[in-house]
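Take a look at the structure below.
The values are calculated or read from the model by the stated rules, or taken from the named source; none is laboratory data. All figures in this text were calculated on a predicted structure; none of them were measured in a lab. When we count neighbours, we look across all protein chains shown, and the Cβ atoms used for this are built from the backbone with ideal geometry, even at glycine.
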Amino acid sequence: MTAKKEHKPLSNYSLLLIIIGIVYLLSFLIPSGSFTRVDGVVDPNSYTAQEKVFLSPLKVFAALPQTVISSQGSTILAMIIVAGAIGVVTQSGALDMAIHTLTKKFANKILLIIPVIFAYFGALSMVGVQVVIPFVPLAITLARRMKLDNIFAASVMILGAYCGFMSSPINPFTTAVAQEIAGLPTFSGAGLRSVATVVLLAIMAGYMCWYAARVRKDPSKSVMDKPDFSDFGELPDYGDQKMTIQQGLTLVIFFAGFILFGVLAAKYQFGTTQLSSIMLPTAFLCGIVNGWGVDKIMKGFIKGAQMQIIPIVVMILACAVPTILNQSGILDSVVYYLSLTLDGFSSAFAAIGMFVANAIINMAIPSGSAQAVAVMPIMAPLSDVLGVSRQVAVLAYQFGDGFTNLLNPACAPLIGCLAAARCTLKDWFKLVIPLYIIVFFVCCAFLVIATMIGWQ
């Protein structure tokens, strides 16, 4: 009797290639067109149809490296350097010892750690969600110590990061750019955005506490078919061992680097490039306090950096989607036709309609700043016509940009985090879709409230 062949879910690579193929086919069906841009900003009344561009695969391959460099170059560099720094700290045993001590001390209150993690990464990602990707190996260690699965490690990074990102009052890549285009003071309306961030963080953290409690009680409740940490080596058993002075100093230096970045990012709008500049010397300082020479420091650094190969490859593949959209000339067409659907709505429903439209557009333009430049010149004057304040229009754009990234297979940070944690998109969708529905209605509620109070 023939054994039944085991059905394997599509890998992230296979799914991405399918999506790239679909987008490529759509590039032949959607009309090419463009807006006129002045200093990079779209003139909303300038859309014109153009002669259809039929894109050859060779042009996609030729343009892909430039797309990767321009959109993800600094992120990839930061991933390598931060992961290298984590590798040095990991080699010292400091991170694992800290997590071991933490989970042992709070064994009966272990779930209290989750809201703290969400708050930290929510705050860190207010200046850019990409900065959390290198932390996935750290989250993996935490998940193993808490007797949880790979998807938990990915989710505490992704959900915390995108929650902080999607409603951030101080995000220089989305909030500041969108407000400047809309003619609003930079970082104005911070009060309501801060409330939205706290509420969304609380909902997501509560959801993950619920999931973690279920899986710890019954591992079969995991959304993953086969949680697997084999790629991450054996987990040391420290028993009653205490943290050494060198390990303590290593942790202080390591987290001081991120605190320094956070302070400077908020004040000077630092991004991932500056993060790399800070964390490279931080890695060497961590090695020096342990009494290591250059060779041993670099051994730990390279071992940590190697863990980012898989997510980087996946991110490079994901960049094929915006490459096709831009090279075929259909990106502006997608923005234009979606904007037409918002005419005729009441102010409250118009705000929700803007949110949904931006969410759809974000599937094609995962970059927050690129989406702001593309849509806000249209959404800003459209909001005037529909009776929606421009501040509400910016919030609708922010929600749409960050919200869809939670389910967007072309979103490089999402797919990078999942790849780093050795999770599939199927695992992710099973976990996040119920939460996604809740968050959607919460976002709609905030937009309705903002409209009703005349938020400016």
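Taking the listed residues A445, A450, A419, the one that is without any contact (Cβ under 8 Å) to a residue 12 or more places away in the chain, in a helix (DSSP H, G or I) and out of contact with any Cys (no Cβ under 9 Å at 6 or more places or on another chain) is A445, with no other qualifying.
In the set F355, F345, only one residue is surrounded by 20 or more Cβ atoms within 10 Å (Cβ to Cβ) and more than 30 Å from G87 (Cβ to Cβ); that residue is F355. Quick one: count up the residues across the range 284-321 that are in contact with a helix residue (DSSP H, G or I) (Cβ under 6 Å, 6 or more places away or on another chain), at pLDDT 85 or above and outside any helix (DSSP H, G or I). Residues that pass the stated criteria total 1. For A396, state whether it is of a type in the set (A, V, I, L, M, F, W, C) and closer than 18 Å to C163 by Cβ. Yes; evaluated as a whole, the condition is true for this residue. Of all residues in the range 317-341, those that are on the phi < 0 side of the Ramachandran plot have Cβ atoms under 8 Å from Cβ atoms of residues that are charged (D, E, K, R) and part of a helix (DSSP H, G or I), 6 or more apart or on another chain, in Q327/K59.
Quickly run through the range 328-345 and pick out the residues that are assigned to a loop (DSSP other than H, G, I, E, B) and out of contact with any Gly (no Cβ under 8 Å at 6 or more places or on another chain).
S328, D343, G344
So for the range 91-101 (the condition being surrounded by fewer than 18 Cβ atoms within 10 Å (Cβ to Cβ), in a helix (DSSP H, G or I) and either among the acidic types (D, E) or without any contact (Cβ under 8 Å) to a residue 12 or more places away in the chain (or both)), does at least one residue qualify? Don't jump to the end; show me each part of the working.
Kept after step one, since they are surrounded by fewer than 18 Cβ atoms within 10 Å (Cβ to Cβ), are these residues of the range 91-101: 101.
Next, only the ones that are in a helix (DSSP H, G or I) stay: 101.
Now restrict to residues that are either among the acidic types (D, E) or without any contact (Cβ under 8 Å) to a residue 12 or more places away in the chain (or both): none.
No; the residues of the range 91-101 include none that is surrounded by fewer than 18 Cβ atoms within 10 Å (Cβ to Cβ), in a helix (DSSP H, G or I) and either among the acidic types (D, E) or without any contact (Cβ under 8 Å) to a residue 12 or more places away in the chain (or both).
Do we find that I433 is within 18 Å of the chain's Cα centre (by Cα), of a type in the set (V, I, T) and closer than 22 Å to S167 by Cα in this structure? Against the criterion (within 18 Å of the chain's Cα centre (by Cα), of a type in the set (V, I, T) and closer than 22 Å to S167 by Cα), I433 qualifies.
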